[in-house]
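The values are calculated or read from the model by the stated rules, or taken from the named source; none is laboratory data. Please read all numbers here as calculations on a predicted model, not as lab measurements. Positions of Cβ are generated from backbone atoms using ideal geometry, with glycine treated the same way; all protein chains shown enter the neighbour counts.
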Amino acid sequence: MPRKQRQSQYSLTGHTYSTEDIERIKKQPGVVDVTPDMITFDLNFKQGLYDDWIKSPCVDTLRRSFQERGFDLEAISERVLFSFNSHFRIHGRPTREAYRMFDKHDGKGIPHKTKDDLVAEGVLRRVSNGHRITPEYMALIKGAYDKSNGEKSIEDVIRESGYNPSDIGDFRLSYLHKVLEDIRTVESRNSKRTIKTKDDTNREVIRVSEDPEKQEKLKTAMAQNVERQKCVEPVTSTGRAAEDKQPDAVQNQPRRISTPTMWTKRMVEETPYVHVPMQDCVQLTEAFFNDAILFQGLPLNDILAIYDIPKGIVPKEMYRTLENLLHDWEPTIEAVPYDLQVAVNRFVAMRQLLDMKWAEIKDQFGKMTPPEKKKLCEVIDALPRDNTGEYSNYAIRDKIGISQTLYYKYLRNERYGMRKSEKKLDDVEAVRKVFEYKGFKKGSRQIYMLMPKIVGRKMGLKKIRRIMQENGMESDIRTPNAQKRAMEKYLKENRKPNLLDRRFRLYRPNQVRLTDVTYIDYGPKGTEKKRAYGSASIDPVTGKLIAFVVMETNDQKLADATLREMDNYPCEFGGKFHSDQGSLYLMPDFQAKVMERGFDQSMSRRGNCWDNSPQESFFGHFKDECDYEACESLDELHDLIEGYKYYYNYERGMWDRLQMTPVAYEEYLNSLSEEEFQKYLDEEEARYREMQAHSIERAKKRIKDLGAEDMSDDSTNDAQEEGGGDDE
């Protein structure tokens, strides 16, 4: 393919194209290749999209740009547009250098294979967060790549091995380029360096070259790796093995977890605990995990030090992966040579763990009951005597914090500490008897009043409450509502003034943002309705829909996602962000994010929907004009909303805005001169005054209809407040 026709790929996670879809997409302009889960676009086509997108960076611009180039958007998933939008925003304009690895990225007739096929053939292996190239296959590619002396690209080498480069994946291909080119640079400086590899029977030092015998060894190791992979259950994104049914022969074997491959620039000696499959590549062996599970309480650096593994060998980003792997490891039998230094390190680490356990017991001793303390003293007394004195009876008591007097009282006095414990048990039984009396619910006050009648003695109210709390005797009778209290606290501390005061259109475009949440009940007739929550934001000046996010939960994630989508249409710094006094907008974290974006936050008055009426009006139009109830899933509802967003902004006219669409009206206002815009503001101010006076009259009439014949000053003030505020 000519240099100017370089391509880029977009992986569509969660979407698979059928054979009919693939044939349809191939006919579209700018498409070079299509697989069931990937589309390859021409670089020139992408650069044209970017040039259009940068003028107004949003998904709607990309949608129009595709349509102007004659692309049928119904043929592809909506996620393609979002992938383009995200990629452009992060990486900028596509350049030749950024896509050099895809010069010959097409398969040239080689059939595509799934990742399961590649795992079965030993090309990829499963890891906790996806798939990686096996060290054996990487060694084969490296040998062939070195043999070509740079005359062949890595993609050509992969094709010669019988695989399509697009099936390997963009990320893994870029990783191959980086690793093999770095290795080639190092080897050019020192051609005598060797690397270590391993098969299942022994360990030996070999050089990766064109030697047929050594290539055959790698192929044998690759086949053995395939057999090991068959015993490994697929690993999900949570790091746990999937519950898919396996053949009986496999189910009877113990679950095995593959160890991750790590890349390092340091020279590493191969030991029973560290395997070096190829240059600059290391793996921790099964022997390491079998032994290291004894030290899970220690930091990972300390565990590595036990086995003389330098810190720099393991990248910091792999720490969490190794800790999770160590936690899930199931021991296997693998004999390793005796190492005196490792034995010494293990002894020191065990001493460290033992000291940690003594500290835990010391912290728990004060919380133990007398019988538990007595049992602990008996266990200490039964321990074998230590002649060295390091773990003598006195040393252990000192580590735990038990005095000699207390120790011998628990050993020699059978009733020591028991009386207080027995009295406490009697008190608990008395409270429980009253609590369960006749099966009716009772609070602490009712128990206090009934106790003399039922058990014949009194008890303090605070003591009753403490006993109920400690013994799980919970009562929900008129208990304070924690959520309501928290809401009252946030209302008092975080409520914002109404800066907008219904002057929705007395600003320039992109100076005000309104937002609110509505519920959306969807599902075909005759089925149980599902509920989703939609959070939207509009510009009240132009009526433009800025964001519309739908989720299954009405929580902080919904509000945060709305803020992130609003970033596609940035507001002027110092603009107003207006909402109601809902709990989502009162949270300190959310208000901090609003402030970071340069907004001045404004809120409607309590229970007054008119203070946010344009946003409420939008939800009314959406529910009137969209058949959202016919959607069967949240994905269908999401697709419907995406289509309505484009229709609302670019095609649907607004009667009170010169019958223009929101986007057209925004362009019209931005084109006005200062004098023309001031005239527009004067007209809108006159409309606002007229609306305010009309609202006050309606409020007065409503007050009069309710029986307030004599209008007092207070009633007049209330009417003005209903009408939208004072004349000022």
Sole residue being without any contact (Cβ under 8 Å) to a residue 40 or more places away in the chain, surrounded by 14 or more Cβ atoms within 10 Å (Cβ to Cβ) and either in contact with a strand residue (DSSP E or B) (Cβ under 9 Å, 6 or more places away or on another chain) or not polar (S, T, N, Q) (or both), chosen from 500, 450
450
Criterion first (surrounded by fewer than 14 Cβ atoms within 10 Å (Cβ to Cβ) and either on the phi > 0 side of the Ramachandran plot or not in a loop (DSSP other than H, G, I, E, B) (or both)) does residue 637 satisfy it?
no
Helices (runs of 4 or more DSSP H) lying entirely in the stretch 403-518 (those with 1 or more residues that are within 30 Å of residue 380 (Cβ to Cβ) and not aliphatic (A, V, I, L, M))
404-412, 418-435, 461-470
Residues within the stretch 652-666 that are outside any helix (DSSP H, G or I) and of a type outside the set (Phe, Trp, Tyr), tallied:
9
Candidate set: the stretch 678-723, residues that are modelled with pLDDT of 80 or more and of a type in the set (Gly, Ala, Ser); chosen: the one farthest from residue 506 (Cα to Cα):
699
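Here is a yes/no grid of residues against (1) outside any helix (DSSP H, G or I); (2) touching a residue at least 40 places away in the same chain (Cβ under 8 Å):
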position	(1), (2)
298	yes, yes
345	no, yes
352	no, yes
357	no, no
Residue 578 vs (1) touching a residue at least 12 places away in the same chain (Cβ under 8 Å); (2) more than 30 Å from residue 488 (Cβ to Cβ): all pass except (2)
Tell me yes or no: at least one residue of the stretch 668-677 is of a type in the set (S, T, N, Q) and modelled with pLDDT under 90.
no
Residue 556 versus (1) out of contact with any helix residue (DSSP H, G or I) (no Cβ under 7 Å at 6 or more places or on another chain); (2) in contact (Cβ under 8 Å) with a residue 12 or more places away in the chain; (3) surrounded by fewer than 18 Cβ atoms within 10 Å (Cβ to Cβ); (4) not β-branched (Val, Ile, Thr): which is the lone unmet condition?
(1)
Long-range neighbours under 7 Å by Cβ, at least six apart or interchain, first residue farther than 15 Å from residue 364 by Cα within the stretch 392-405, second of a type in the set (Asp, Glu) and surrounded by fewer than 16 Cβ atoms within 10 Å (Cβ to Cβ)
392/386
For the stretch 383-400, how many residues meet the condition of being touching a Lys or Arg at 6+ places or on another chain (Cβ under 8 Å) and under 11 Å from residue 358 (Cα atoms)?
2
Within the stretch 301-311, work out how many residues are touching an Asp or Glu at 6+ places or on another chain (Cβ under 9 Å) and surrounded by fewer than 19 Cβ atoms within 10 Å (Cβ to Cβ).
1
Filter pass, residue 649 being touching a strand residue (DSSP E or B) at 6+ places or on another chain (Cβ under 7 Å), assigned to a helix (DSSP H, G or I), farther than 28 Å from residue 82 by Cα and not small (Gly, Ala, Ser)
no
Positions within the stretch 565-596 being among the charged types (D, E, K, R), over 25 Å from residue 486 (Cβ atoms) and out of contact with any Asp or Glu (no Cβ under 7 Å at 6 or more places or on another chain), in sequence order
565, 567, 572
Scope the stretch 543-570; condition over 27 Å from residue 633 (Cβ atoms), in a loop (DSSP other than H, G, I, E, B) and in contact with a strand residue (DSSP E or B) (Cβ under 8 Å, 6 or more places away or on another chain); matching residues:
543, 569
If residue 573 passes every condition in (1) of a type outside the set (D, E, K, R); (2) at pLDDT 90 or above; (3) in a loop (DSSP other than H, G, I, E, B) but one, which one does it miss?
(2)
Do we have residue 572 as touching a Phe, Trp or Tyr at 6+ places or on another chain (Cβ under 8 Å), of a type outside the set (Lys, Arg) and surrounded by fewer than 21 Cβ atoms within 10 Å (Cβ to Cβ) here?
no
For the stretch 660-693, which positions are closer than 19 Å to residue 56 by Cβ, touching a residue at least 12 places away in the same chain (Cβ under 8 Å) and more than 40 Å from the chain's Cα centre (by Cα)?
669
What is the number of the single condition among (1) exposed (fewer than 13 other Cβ atoms within 10 Å of the Cβ); (2) part of a loop (DSSP other than H, G, I, E, B); (3) not small (Gly, Ala, Ser) that residue 371 does not meet?
(2)
Would you confirm whether any residue within the stretch 514-522 is modelled with pLDDT under 90, under 27 Å from residue 556 (Cβ atoms), among the charged types (D, E, K, R) and out of contact with any Gly (no Cβ under 6 Å at 6 or more places or on another chain)?
no
